[in-house]
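Let me begin by presenting the structure, written as structure tokens, before commenting on it.
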Amino acid sequence: MKILEVINVTKKFGGLTALDRVNIKLDRGELRGIIGPNGSGKTTLINVISGYLTPTEGKIIFKGEDITALPPHVIARKGIGRAFQLTNIFKSLTVYENIWTACQIKFKYANPFADIKKMKEVEQRVEEILKFIGLSREADRITSECTFGEQRLIEFGIVLGMDPEMLLLDEPTTGLSPQERQPVINLIKNLIGVKTIIIVEHSMDVLAQLGAYVTVLHRGQILAEGPFSDVVKDEKVQRIYLGGG
Amino acid sequence: MQTTHVIGAILVVLFLILAPYILTPYLTYLLTWILLWCIFAMAYNLCFGLGGMLSFCHGVFFGLGGFGVAWSISAGLNPWFALLIGISLATISSLLIGFISLKTRKTQFAILTLIITTIAYDVSLRFTNITGGVDGITFSIPKLVLGNLVLPLSSPAVRWYTVSISFLISFYIYYRIFNSPFGLVLKAIKTNEERCRFIGYDTTRLLLMAFVASGFLSGICGSIFSLIYGFACATYFEASTSIYGILWTYVGGLGTLLGPIVGCSLLVPLTDYLSAYFRRYWIVIGALLIVCIYKFPKGIIGYLIPRLLTRKTLEVIRK
Amino acid sequence: MIGQIVLGIVNGLVWALIMMLMCLGFNLIFGVLDIVNLAHGEFFMIGALIVWFLVGRFGYTLFLPALLLTVILGFSIGLLVERFIFRPARGEHAAQIVASFGLSYILRDIALVCTGGVAGTLAYPISGVISLGEFSYSIYRVIIAGIALILLILMWALLFRTNFGLLVRASKQNRELAVSMGVPAKRIYLLTFGLGIALAGLSGTLSTSIMAVDYMMGHEALILSLIIVCIGGLGSLKGSAIASLIIGLIEGIFSAFLLPPEVKILCLSVLVVVLLFKPRGLFG
């Protein structure tokens, strides 16, 4: 069974059609890249899958369940973790608290009388994730004081902390210098096969390194699909990137 | 728990037990008054400091707590029942008001609570036969019956212990919430609600829980107030009650554990003094609000502490 | 009975027009400057007090000068308020709310001192009535409604037919974009703020014979205008226009049958119902 099926999804904003009869099917553990020029609907697609927006037409099936009209927090609980393009972390909390907030969701968090210091399982997970993203030593720093690259890693940490089955990554390397980029790419590489990943990217370099299977969006429609190396040679794709579509 | 915390707690409890015997009657009276309002300050901090919800209608919860007790005692019920009714009224109203208001956030939320509180006040003034209008309801202060003991609540010592015990219970609830995973989620929601939703938190439900907890504690404050002073009045429904909450939490340090208690303890005697000698004291309060919001975003305490204490003491406290 | 309802409708329309001015002011300030001004009601009160003092002493020949004075004073005080009360907030709504609330306490107390706590309504200057068949209505109220309507039309023209209005609306839509396009943002903001405050004041000047003039009248007007603004949608000019009509009519019609607090509960209920279906208001 496909883990995710986006079926004929259309999203209109008044007169503007951001997504036009988009169909995507993902296998569990697959890494799928979404590319396309600006305004092609990539972020709208992520917004629709994660529940931030409801499609005008079409359905989204996740693990066999129709999640089309569900609110974001329900979809998140079902196992879809969304990372944001503009860093959307908890700026006034420490790195540790950021990750903890995400990890806590799988445990009993709504009990006002539970003692946060006694939640050893969460503590363990937080430390695992901090190690995974390489920020163990920065744990007590307030995130607004961290570098941009570190904040991107924290964004990752939050998504991983949720322990989702599918990750939606929206331009995770944008704005990072080449040195800052590599840890992020390595992180994603380590997750291939373990988690299902949809990655929206502009950087061809990143996608080449990841060896992704790629879907190309243009004006809300799927223009081409295939392994990255093939898609990049496709004439239509080259035209929209170079010729201005 | 750390040793410093335990020592501090023991000292506080000792003081609370001995106070009526070591303090003058006036001081006992004043401290009873302050300690009672500290409960409200803690309640308000849960809502505004921890949950980030600027509410103008906390006076309604306080006031309903008071009226619940007043009506019950006037109807002949015993004080325990009266407390139950008062606190329940406050809690239920906070559930209803919270449910509606939390359809909105931030500015609209604040405006909505302002509208609700003003209308509640207007309505209560209309029904003078049950609310006593501007003068409120007075009733004879009952006696608390505990097994074989009959304690007159009009006695300063009994009042003191009633308030102290209520304070300790409220503080315990408040403290547990602060140190719970729920408390952390509230902090996270206050910082970035959208992100919390995408992690999977039903933020509206969680904010409502915090709001109701806040209403519950406000109800305790209002009910005890009414019980020991024999007085309930609709003027507490006004936005001004919440303004005090805002002031105390801000001055003490918004969102900190002890901040509201410190703020309340400092400002209550100050405003009482002001109102006694200076008729237009609301001008001062208004100015104080403006100054505090802008000059002391971390509260006066947050501003003074780094400047007054040495580094070592700071580290001890932070642990 | 029908007569009462018709009277109520007309009264409601008059009140709606006055409230429309007030809410327009609030929404301009919120929409363009992103400022929540809870002292808005106090400027309504100031306008009313100016008329109360000038006209009360010297008669209605001073009515128009009073209006003018309100506008000038509104602008000037508005600029001071923006500089000292709102600018330090740097966009944080919570701080604006608390600070403006503090300001309203200060202004209210000053008004209390000035008026000595006396309340009243100004007598109508013209006691005649206009008759249409069976119904007759106070000429003065018609004039008030007329003035309000003229002001509203002027505002509409200003916002939708002038360059200034275009800049204001552009700033409302997208402040950053407007600034980066060279719009003289600061000037626009200050003028808009002054305009918003002046509208509140004008709204008050027109109300002196309709509601009691006292130091709490600003608070009354504020709450009502907030209900309207929430129903219409924070920042939406169209929303507050329509919501003013709804609330105005409700107030007008039901004031004959219900007591004031009960009418307010009715208005609140309308707000609650709207919020249940559209949490951001009708056009938010």
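The values are calculated or read from the model by the stated rules, or taken from the named source; none is laboratory data. All of these numbers come straight from a predicted model, not from anything done at the bench. For neighbour counting, all protein chains shown are included, and Cβ atoms are generated from backbone atoms with ideal geometry for every residue, glycine included. With ligands, DNA and RNA removed, areas are computed over all heavy atoms of the protein, side chains included. Shrake-Rupley method; radii C 1.70, N 1.55, O 1.52, S 1.80 Å.
Against the main long axis of the alpha-carbon atoms of chain C, helix C:40-58 sits at an angle near 50°. The simple spin-label model puts a point 7 Å past each Cα toward its Cβ; for B:LEU30 and A:LYS117 those points are separated by 3.5 nm. Using the Cβ-Cβ distance between C:ARG187 and B:VAL145 with R0 set to 60 Å, the FRET efficiency from 1/(1 + (r/R0)^6) comes to roughly 0.25. For segment C:158-212 versus segment B:95-113, the spacing of their alpha-carbon centroids is 28 Å.
Each residue of segment C:150-165 was assigned a 3J(HN,Hα) from its phi angle through the Karplus expression (A = 6.51, B = -1.76, C = 1.60, θ = phi - 60°), giving 4, 4, 5, 5, 4, 4, 4, 4, 4, 7, 10, 10, 10, 5, 4, x Hz with x at Gly and Pro. The sum of -39500 (n - 2.57) across all DSSP H runs of n ≥ 4, divided by the residue count of chain A, sets its helix-only mean residue ellipticity at 222 nm to -9500 deg cm²/dmol. The DSSP beta bridges internal to the protein assembly as shown are antiparallel in roughly 65% of cases.
Highest GNM mean-square fluctuation among A:PHE228, A:PHE113, A:PHE90, for chain A modelled with Cα contacts below 10 Å: A:PHE113. The Cα center of segment B:204-228 and the Cα center of segment C:48-62 differ in position by 48 Å.
Whole-Hz Karplus values for segment B:190-195 come out as 4, 6, 7, 5, 4, 4 Hz, taken residue by residue from phi with 6.51 cos²θ - 1.76 cosθ + 1.60 and θ = phi - 60°; glycine and proline positions read x. Only helices enter the 222 nm calculation for chain B: every DSSP H run of n ≥ 4 contributes -39,500 (n - 2.57), and dividing by all residues gives -25000 deg cm²/dmol, rounded to 500. Among the residues of segment C:249-268, those with an accessible-area drop of 10 Å² or more from chain alone to full protein complex, heavy atoms and 1.4 Å probe, are C:LEU259, C:PRO261, C:GLU262, C:LYS264, C:ILE265, C:LEU268. Note on chain C: with a GNM built from Cα contacts shorter than 10 Å, the maximum mean-square fluctuation among C:GLU92, C:GLU251, C:GLU42 falls on C:GLU92.
Legend: calculated FRET efficiency, C:ILE139 to B:SER275, from the Cβ-Cβ distance at R0 = 30 Å, rounded to 0.05, equals 0.05.
The long axis of helix C:2-33 is offset from the longest Cα principal axis of chain C by roughly 10 degrees.
Entry note, chain A: relative contact order of 27 percent, from Cα contacts under 8 Å with a spacing of 6+ residues.
Interface C-B: total buried accessible area of about 3300 Å², 1.4 Å probe, protein heavy atoms only. The GNM of chain C, with springs linking C-alpha atoms under 10 angstrom apart, assigns the highest mean-square fluctuation among C:ILE227, C:ILE106, C:ILE253 to C:ILE106.
For segment A:94-140, relative contact order (Cα pairs under 8 Å, six or more residues apart, normalised by length) works out to 60 percent. Which entries in the list A:LYS12/A:LYS63; A:LYS42/A:LYS91; B:LYS143/C:LYS264; B:LYS187/C:LYS264 go over 29 Å, if you measure between the two C-alpha atoms of each? Those over the limit are B:LYS143/C:LYS264; B:LYS187/C:LYS264. Computed on chain B, with alpha-carbon pairs under 8 angstrom and 6+ residues apart, the relative contact order is 31 percent. How many angstrom lie between the Cα centre of segment C:1-18 and the Cα centre of segment A:78-137? With segment C:1-18 and segment A:78-137 each reduced to a Cα centre, they are spaced 59 Å.
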